[in-house]
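Read through the structure below, which is laid out as structure tokens, and then see the notes.
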Amino acid sequence: MGEEDKNERKQTLQQITDEGISSTKRRRRVTPDEPDATLVEHLDDLRSVLIKSIVVFVIFFTLIFLTIQFWFPYLTKGHDLIVRGPFEVIRFYLRTAGSLGIGLSLPFICYYLWQFMRPGLVDQETKFIKSYFPIMMGLFLLGIAFGYFVVHPVSYYFLIQMGQQNFDVLVTADEYMSFLLMTTMPFALIFQLPVIVLFLHHIELLDSDIMKNVRLYVYFALLVITALIAPPDFFTHMITVSPMIILYEISIYIVKIKERRQKRREAQVEQ
């Protein structure tokens, strides 16, 4: 009788295993219509996201590495740069291609991650991300443009002129590119502030009254962030923090408008 029980258990476990394997083979992709999945299916989708992200990064890395000699002179804006040896040339090429490759791949990686998380999101969150994704891309490009055309030249000329008062300033290509990335890429993320605020309001975690009450604390936090990402001079800090404060005030105004519209809808429903 004991042997029969063991055989029955083995058959039951084998049947469950076979059903799980056949179910995994039938549906290898998690979708909003079928959000429930096994661990193997989730790992398979995550692997797909990682592979696509790596492929996009490799494509951008290769394009930048092969074409850097053509477009880099335009980025230098006529500045005299030096290299201190042959190894620094290849290090500069690799670091530049890697940094820009990550920056250009970031929107695609975020999109792939959103596709991965989409089955677990509610309709309210999915609609918000869909409708505001173009705005996020626009703000991303606007932040880079602000850093490149405003923050970078002002801070670069200020620091170079300050150094030339006492030293012969020689800037290497690697240092220049690092400084350029430091004064442009952070603003691509900072300019996402209105979208983040609108999302928190959309899921009812934030409203205009709260934003007004914590305004001073937010300003202090923005000053701290500016001190971390901007060159260490007061003039550049003011240029950097000003658009952050403006973006925050714009976010409050947009949230107010959305609250007014929501109240009007509720009043019309009650009538």
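Taking H placed 1.01 Å from N in the peptide plane, check which residues at least 5 places from Thr172 or on another chain put their amide H under 5 Å from its amide H.
Here Ile82 satisfy the definition.
Apply the a/c threshold of 1.5 to the C-alpha gyration tensor of segment 174-241 and tell me whether it is rounded, prolate or oblate.
The shape class here is oblate.
Given axes a ≥ b ≥ c from the Cα gyration tensor, I'd like to know whether segment 90-231 is rounded (a/c under 1.5), prolate (a/b larger than b/c) or oblate.
oblate
Going by average Cβ neighbours within 10 Å, how do the peptides 156-163, 171-178 rank, with the highest at the top?
171-178, 156-163
Computed from the coordinates by the stated procedures, all read-outs in this text should not be read as laboratory data. Because the structure is a prediction, the values reported are computed rather than measured. Using ideal geometry, Cβ is built from the backbone for each residue, glycine included, and neighbour counts are taken over all protein chains shown.
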